[in-house]
Amino acid sequence: MRILLTGGAGYIATHTIVELCNAGHDVTVVDNFCNSQPAALKRVARIIGREVPYYEADVADSAAMERIFSENTFDAVIHFAGLKAVGESVHQPLRYYRNNLDATLTLCETMAKHGCKRLVFSSSATVYGVPDEVPLREDMFCKGCTNPYGWTKYMIEKILMGIAEADPDWSVVLLRYFNPIGAHESGLIGENPNGIPNNLMPYITQVAAGHLEKLSVFGNDYETPDGTGVRDYIHVMDLAAGHVAACDYAGCHSGCEIFNLGTGIGYSVMDIINTFERVNHIPIPYVIAPRRDGDVAACYADPTKAKEVLGWQAKRSLEDMCRDAWHWQSLNPDGYSDKQ
Ligand code: NAD
Ligand code: UFG
């Protein structure tokens, strides 16, 4: 298939390009580089052995999207483009609603106009809100989100469900990611957050690198086995493979389907620290800090549907995730802003 990746220079998309190309697909990227750099696509080119064609444009820019769809014929689109920082979305809600919703609406209008009606969307476990029970299944009621970022995912899911319901030619796959971490085994691509990371694994790798002094563990009094928060961490290459399965599925089904992409295993913050220290032989100094606003005790997937319907299952272990995250960080202390 010829596949357009919006937000294609970002963390998850760059890893997905590698898996799509390994599976024989052709990719084109559109990205405005608001949270990424063209250098990331150069690194992908080194892995796959060919250049990644890309357009620098905002997905909400209908003239630019019209040009991209006029110059190419796409069989499917994977829509990664969006702003994703939970805390920032609380302080800049309009920017988040404007960017994430406008990009999706413009994309879908352009796709419909050009008869490209297969869409895979990057949703998030955040749409489940504060869970009553875990593991989380796709058919559980989503009670609402705790921040504007989460609401954009929730609203976009509803918009896409409506589009697929109104026109049976559409095939929409909503992928609810759990917690992607790690990097491609080569260490050439990985997560490259701006400034001080908000998420656990990039924070840990920066402590390991000596850029940050110590990790704050946000709460050790949750109702979890060791009191720290439990999440479903998934290797980004496993997540990438899930997109290949989702594209194959979209190619031969219509309607709208939702899939959790997680391992189904919950690990605590202490599990992550201990495993990272053990596999990389680097101590991670930490302190116990108060709970972080909006955090839930435990969040992990029931991944049965993706296994049964998509034939996809995560394969990599927590050890792999910790080793590959550190491999990327240690080879790229300044992210993509070096000469490699
Ligand atoms: P990322 O920030 O690395 O990638 C997003 C990309 O989209 C960036 O390259 C950015 O420049 C681009 N972008 C943003 N708005 C754009 C616009 N209007 N036009 C063109 N390009 C635009 O993030 P990621 O971690 O790779 O996440 C990819 C998608 O997955 C996002 O939609 C995110 O919300 C979703 N997601 C991520 C996580 C996670 O933990 N990383 C979890 C659940 C869902
Ligand atoms: N944590 C710490 N210290 C830190 C950072 C995180 O103890 O410095 C803890 C958190 O309290 C939580 C766990 O580590 O228990 C994971 O936190 P992350 O910030 O890495 O991830 P979240 O589960 O909070 O959220 C992530 C993404 C969201 C997405 C969600 C579900 O940031 O966008 O996963 O996919 F919605």
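The values are calculated or read from the model by the stated rules, or taken from the named source; none is laboratory data. Only a predicted model underlies this, so the values are computations on that prediction, with no experimental measurement involved. Neighbour counts are summed over all protein chains in view; Cβ atoms, including those assigned to glycine, are modelled from backbone coordinates with ideal geometry. Heads up: the accessible areas ignore ligands, DNA and RNA and are worked out on the full protein's heavy atoms, side chains in. Shrake-Rupley method; radii C 1.70, N 1.55, O 1.52, S 1.80 Å.
Remarks
- Helix-only mean residue ellipticity at 222 nm for the chain, each DSSP H run of n ≥ 4 adding -39500 (n - 2.57), per residue, nearest 500: -12000 deg cm²/dmol
- Carbon/sulfur fraction of accessible area - the range 107-146, other protein chains in place, 1.4 Å, %: 47
- Ranked by the mean number of other Cβ atoms within 10 Å of their residues, highest first, the peptides 213-221, 3-11, 292-300 fall in the order 3-11, 292-300, 213-221.
- Computed about the Cα centre, the dipole magnitude for the range 206-340 is approximately 180 debye when only Lys and Arg (+1) and Asp and Glu (-1) carry charge, each at its Cβ.
- The angle separating the long axis of helix 318-331 from the principal Cα axis of greatest extent in the chain is about 80 degrees.
- Sulfur and carbon atoms: percent of accessible area, the range 10-91 [1.4 Å]: 47
- Annotation: per residue accessible area for the range 1-102 equals 43 Å², rounded to a whole number [probe 1.4 Å, protein chains only].
- Accessible area per residue for the range 119-184, computed on protein heavy atoms with a 1.4 Å probe, is 37 Å².
- Neighbourhood charge, 11 Å Cβ-Cβ cut-off, centred on Ser268 and excluding it, Lys, Arg +1 and Asp, Glu -1: -1
- All other residues whose Cβ lies under 13 angstrom from that of Asp26 are scored, Lys and Arg at +1 and Asp and Glu at -1, for a net of 0.
- In loop segments of the range 1-108 as defined by DSSP, the trypsin sites (Lys or Arg not before Pro) with at most 14 further C-beta atoms inside 10 Å of their C-beta are Arg50.
- Cβ-based net charge around Trp170, under 9 Å, with every Lys or Arg adding one and every Asp or Glu removing one: -1
- Solvent-accessible area per residue, Å², over the range 207-310 with all protein chains present [probe radius 1.4 Å]: 43
- Surface composition of the range 209-314: carbon plus sulfur atoms hold 49% of the accessible area, using a 1.4 angstrom probe and ignoring ligands, DNA and RNA.
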